[in-house]
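To start, the structure itself, in structure tokens.
The values are calculated or read from the model by the stated rules, or taken from the named source; none is laboratory data. Treat the numbers as computed from the prediction; the structure is a model and nothing was measured. Every residue, glycine among them, receives a Cβ derived from its backbone with ideal geometry; neighbour counts consider all protein chains shown. Heads up: the accessible areas ignore ligands, DNA and RNA and are worked out on the full protein's heavy atoms, side chains in. Shrake-Rupley method; radii C 1.70, N 1.55, O 1.52, S 1.80 Å.
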Amino acid sequence: MSKLLSLGKVLIKPMNVVFRPNNFTPNLQVTLSTSSVHNVNFFNKLPAEKLWKSVTSVSNAGAKKGRGKGTGRIRIRDLNRGQMIGVGKINMLWPGLSAPVIRGRELLKQQRLPDDPERMEKLIKLRDSMTRFRRLRLNPIERGWSGSKMPGRSIGPPDPIGEDEFTGFDTKVLQLRSILIMKGSLGRTRNYQAMVVTGNGQGLAGFGLGKSKEAPAALRKAKNRAGQKLMHFEIYDGHTIFHDFYTAFGRTKIFVQKRNEGYGLKCHRAIKEICQAIGIKNLRAKVEGPINIQHIVKAFFIGLLQQRTHKQLAEEKKLHLVEYKAENEYYPKLVASPSVVRTKEEIPKNETLDFVQYVMNDKLILRKKKFPRFYETMPHYQIFLKKYEKYRNHEKIRLNLKVEHGDIKSFLTDKYPEPKEQEA
Amino acid sequence: MSLLIRRFVPTKTCNVVLKQNEPAIVVISRRKLSIVPSMYDGERDPAPKFFSSYVQKLLKRLTRPDFSKVFRKRTNSGVPVLKTPTYKFLTSDELELEFSKARLKADKLLQMPPVVKVHQKIDEVLSQDPALVGYDTAKYLFTDITFGVANEHRLIIERDPDGFLRSCDHDVRKRLNQVYFPLKGRSIKEPLMFSDSEKFNNLLDREKYEFVLDRACVQYEPDEPNYQRVTSITYQHIDMNKKYDLLRSTRHFGPLAFYLTWHQSMDSLMLELLQSGAVREAVLLAALRYAIHSDIANGDVAHALTEEIFPSPVQLSKPEQLSEADIDLDNKCIEFVQKYIVSNSSMKSQQELALQGFREYYQQLVELSRGLQKAHGKV
Amino acid sequence: MYVYAMYLEIMILTGCTNRPFYHISVTHRRRLNSQPVIEQLGSYDPMPNINNEKLVALNLERLKYWLGQGAHVSNPVGELLGLSGFFPIHPRSYMAAWRNRRIERENMAKQLELAEKSETAA
């Protein structure tokens, strides 16, 4: 449907004054002019679509090369926005169109209202706001890892399969990238690849990879694939893994350490998303080697699957497993007991009895030496420490004085008041 | 032997009533009961009774040490940031060793603060020099900071402006010891928590008994009148509100039980024990009373019974199955408690009612366990 | 003839402006102020505290040791030790006390005179 343009240059043809039946006098300013009136101009020869296309269109070859896609391209604006039938340059009241016919008991008539000088400016402002490419503004809760990009954002639970619904599941995008390949027939083609992790926060999680020509389609494929490939993980005490481990996939290595309640997830952001999906709340993971998200995800999942619960460890070792917590005064808490327990004589000499070493398969993490801070080796530092001894305790003293007297003063301050400064 | 007095103060103003023996009285707002503190001052010395091994054993059993509560996470444990737990592989023998070490640690944590008599005033004049009058307007306090001398034996002397050389009294001694050899947690000035009665009662109303008692242990020595005042008010408050469970498995339950038994007001504790079904502990409590006051009809029976009770394990929760030996022991305990209620108790009706209830419940339990044993074929 | 000793027990002034505080320590006789002491045996706070007391700490065991090693005691330290009862009271303490009492008496006398004068005037 073609829309008529109104740029204010189209004149309204005055009504024929001669034709006046029944003494009907319209309240129009009637002007009779002899100049020629143009009803048809460039702007209303063709519909808006075609006009805009003539300015913005790019040839097929040009499109393939990427012409007309950059920042300088002209954006199509709908110029009918902000304009209503009945409201124009000359502010008129049209009963039946822009106002009711009968208002109260009065019969309204056509009349000219005072002009609105800012109308044009408002319209221009509106049209200008449509031109700039607006960056999608997300609120911090919806935001992913950065800006308005997809990685880190949630895309809801996977689609239900038949009657099974994925209740409690949430998927997070880990990677969304566009891959360009050269094809013989088409030339350069663009594909979107998405990596997604899904989980219900209670031990069930899975990751999936999806490819498609469109981004949302790739995400959907990945999400559903992740929903198909769910894995169950045991979580110790509902907040962390059972023991430290080391995994690698390709050349990406991860050292994962179990942490206590309240520590948080101190790891790579991808691992953080996975942990949140599984339901692990406290963990420390160090990624070494190439930081390839797909490798990290695969390595982490492999490591988690290879984990052994406390019961399994006790059965393997045929020894009691006891937990010591510092906040419980290191009370020995029996966590797992095997069916058969070995005695001290049955344990061979070279067996690793240390828990961390056994669990890391006899590998040790290299602990780097901590070097002193740059100022500690400077010559004046020792002298500074000696001088600092004098007022090392002053903060606490000031605090105690405030507690006792309400201000930094002693019992002698009121007895010997300080002289008041003379105001000039 | 001083009696506990609890008075209602219906008049408008808060009264500060001074008795002859007691140095200080707590003033509480008009609508509440006024608890009168009572100290171990007087002719009878609680120390020999408290430190006797028999009484210590009784008190230890009465505290019912529950390891999950003894080793619970505390805010003042000195661990500002939680650490990751460590794991160990142990054989059965090593495990037993660890448990015995844990029991020793529990004993240490449950070591009871001593119950002793209030200390005597120190008033020794070492020398008189009237020729030194006018030397200075201030007192001189001399402390001997020799290394290796215990704080109680330290030489702390004062030279008064009128020329007298005296050995200092206990409060000055404590203050100077804290100045030169500070103990962590102790403050030189008395904490507002203990001196301000409003704050103190607020704490008690909020049931922070353990905090109050722990701080009192750190701040004061056990033979100070202030300490005795604070602890006696706390114990009476607990007794009034029957919140014994808050102090169970802590180190303060022993002195609490001792205090109540000393002042002949352990009947509400007895009632609570009967209501919760701990007949054996009721017997232990009665035996404690006999050990301190020796005024129960069949006291020697008590002693014999306690000898039988000690080897049996600590009852933390209600038992599900009973063996014949358990049933015998419990029956004897019930008879003993019955006799005690009839002869010595002051809350006869309530305690009898509780005992009756326990008897019925116990009968059911006996029938159940006997039935189970028959079903399993172990008649 | 005065015999000079190798060691001296003296009061060393530490503390801040308008707030003296003395360390009672054993030093070599010819020690410069910048050099460290041999051993600190105690402290003396000349400003009375909130209860109007002056706190003195003395490590009597080590004091006895250094006295045994032939250390001499300076006058202020000697006065303090006399006041504490470790030494017999220093004659300077008696003299100071006597002088203070005399000043007191004179002040009292002056005040009485003034009071009498105002009475006669009124």
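In chain B, the longest principal axis of the Cα atoms and the axis of helix B:299-309 are about 70 degrees apart. Given A:THR167, B:SER53, B:LEU284, which one lies farthest toward the positive end of the charge dipole of the protein assembly as shown, if we put +1 on the Cβ of every Lys and Arg and -1 on the Cβ of every Asp and Glu? Comparing the listed Cα positions along the dipole, A:THR167 ranks first.
If R0 equals 22 Å, the separation of the Cβ atoms of A:GLU142 and A:ARG177 corresponds to a calculated FRET efficiency of about 0.60. The A:GLU345 and B:SER100 beta-carbon pair, evaluated with R₀ = 25 Å, returns a calculated FRET efficiency of approximately 0.70.
Under a model in which nothing but the beta-carbon of Lys, Arg (+1) and Asp, Glu (-1) is charged, chain B shows a dipole of about 1240 debye around its Cα centre. For region A:55-110, relative contact order (Cα pairs under 8 Å, six or more residues apart, normalised by length) works out to 21 percent. Of the residues B:GLY357, B:THR306, A:ALA63, the one whose Cα sits farthest toward the positive end of the charge dipole of the protein assembly as shown, with +1 on the Cβ of Lys and Arg and -1 on the Cβ of Asp and Glu, is A:ALA63. When every Cα-Cα distance of region A:37-77 is counted in 5 angstrom steps from zero, the calculated P(r) takes the values 5, 20, 22, 19, 13, 11, 5, 3, 2, 0 percent. Taking the Cα centre of region A:349-424 as origin and assigning +1 to Lys and Arg Cβ atoms and -1 to Asp and Glu Cβ atoms, the resulting dipole is close to 500 debye.
Per-residue Karplus couplings for region A:353-358, computed as 6.51 cos²θ - 1.76 cosθ + 1.60 with θ equal to phi - 60°, are listed in order as 9, 5, 4, 5, 5, 5 Hz, Gly and Pro entered as x.
Using 0.36 nm per residue and subtracting the Cα-Cα separation, the extra length available between B:SER323 and B:GLN356 on full extension is 9.7 nm. Using the alpha-carbon positions of region B:287-379, Rg (one decimal) and Dmax (whole number) come out as 15.2, 48 Å.
Angle between the Cα long axis of helix A:394-405 and the longest principal axis of chain A, 0 to 90 degrees, nearest 10? Compared with the principal axis, the helix lies near 80 degrees. Averaging over all projection directions, the Cα-based convex hull of chain C occupies 12.0 nm² in the image plane. Measuring between their Cα centroids, region A:204-262 and region A:54-114 lie 52 Å from each other.
Going by a ≥ b ≥ c, the root eigenvalues of the Cα gyration tensor, does region B:46-118 fall in the rounded group (a/c under 1.5), the prolate group (a/b larger than b/c) or the oblate group? Cα axes put region B:46-118 in the oblate bin. Between C:ALA96 and B:SER343, the simple spin-label model (points 7 angstrom out along Cα→Cβ) gives 7.1 nm.
Normalised by the number of residues in chain B, the average gap of Cα pairs under 8 Å and 6 or more apart makes the relative contact order 18 percent. Take the accessible area of A alone and of B alone, subtract that of the pair with a 1.4 Å probe, and the total buried over both chains is about 2800 Å².
Solvent-accessible area lost on pairing B with C (1.4 Å probe, both sides summed) amounts to about 2300 Å².
Here, P(r) means the percent of Cα pairs in each 5 Å bin from 0 to the largest distance; for region A:142-227 it is 3, 16, 22, 21, 16, 10, 6, 4, 2, 0. Evaluated at q = 0.21 Å⁻¹, the base-10 log of the normalised Debye intensity for region A:313-424, with identical point scatterers placed on the Cα atoms, takes the values -1.21.
How big is the gap, in Å, between the Cα center of region C:47-84 and the Cα center of region B:54-121? After rounding, the separation between the Cα centres reads 45 Å. Assuming charge only on the beta carbon of Lys and Arg (+1) and of Asp and Glu (-1), the dipole of the protein assembly as shown about its Cα centre is about 8640 debye to the nearest 20. For chain B, the per residue solvent-accessible surface stands at 52 Å², with DNA, RNA and ligands left out and a 1.4 Å probe. For the protein assembly as shown, the carbon plus sulfur part of the accessible surface works out to 54%, probe radius 1.4 Å.
Computed from the Cα positions only, the extents of region B:143-231 along the three principal axes stand at 49, 32, 18 Å, in decreasing order. Considering only A:THR309, A:MET231, A:ILE347, the residue lying farthest towards the positive end of the dipole of the protein assembly as shown is A:MET231, judged by Cα position with unit charges set on Cβ.
Result for chain B in a Gaussian network model with C-alpha springs under 10 Å: among B:ASN201, B:ASN151, B:ASN344, the largest mean-square fluctuation is at B:ASN151.
Inter-label distance, A:ILE302 to A:SER410: 7.0 nm, where each label sits 7 Å from its Cα along the C-beta direction. Computed over the alpha-carbon atoms, the protein assembly as shown gives an Rg to Rh ratio of 1.15, Rh here being the Kirkwood radius from the mean inverse distance.
Annotation for region A:285-302 versus region B:267-345: alpha-carbon center distance of 65 Å.
Within region B:231-302, the proportion of C-alpha pairs whose separation exceeds 21 Å stands at 20%. Relative to the 2.2 N^0.38 Å rule of thumb, region C:56-122 has a C-alpha radius of gyration ratio of 1.91. Here region B:88-138 yields Rg over Rh of 1.60, to two decimals, using C-alpha coordinates and the Kirkwood radius. Rounded to two decimals, the Cα-based Rg/Rh of chain B, with Kirkwood Rh, is 1.05. Here A:ILE181 sits with roughly 70 square angstrom of accessible surface, probe radius 1.4 Å.
Kirkwood-type hydrodynamic radius, chain A: 31.5 Å, calculated from all non-identical alpha-carbon pairs.
When only C-alpha pairs under 8 Å and at least 6 residues apart count, what is the relative contact order of region A:241-333, in percent? Could the numbers behind the result be given before it?
Working: 128 pairs, mean separation 26.6, N = 93.
Over region A:241-333, the number comes to 29 percent.
As a size descriptor, the averaged projected area of the C-alpha convex hull of region B:68-223 was calculated at 15.0 nm².
As a test of the definition: which semi-axes, in Å, follow for region A:226-300 when you take the square root of five times each eigenvalue of its alpha carbon gyration tensor? Largest first, please.
19, 15, 10
Which FRET efficiency value, to the nearest 0.05, do you get for B:GLU198 and B:ARG248 by plugging their Cβ-Cβ distance into 1/(1 + (r/R0)^6) with R0 = 30 Å? The pair B:GLU198/B:ARG248 has a calculated efficiency of 0.55. Applying a DSSP loop filter and a limit of 12 other Cβ atoms within 10 Å to the trypsin sites (Lys or Arg not before Pro) in region C:13-115 leaves C:ARG29, C:ARG30.
Backbone phi angles across region A:99-105, fed through the Karplus curve with coefficients 6.51, -1.76 and 1.60 (θ = phi - 60°), yield HN-Hα couplings of 8, x, 6, 10, 10, x, 10 Hz in residue order; Gly and Pro are listed as x.
Taking one quarter of the surface of the convex hull spanned by the alpha-carbon atoms of region A:96-180 gives a direction-averaged projected area of 14.6 nm².
For the pair A:LEU113 and A:GLU418 in one chain, pulling the backbone fully straight at 0.36 nm per residue adds 102.1 nm over the alpha carbon distance. Relative to the dominant Cα principal axis of chain B, helix B:267-276 is inclined by about 40°. Spin-label model, A:GLN357 to C:PHE87: label points 7 Å out along the Cα-to-beta-carbon direction sit 6.5 nm apart. Taking a point 7 Å out from the Cα of B:GLU43 in the direction of its Cβ, none of the residues of region B:104-120 has a backbone N less than 16 Å from it.
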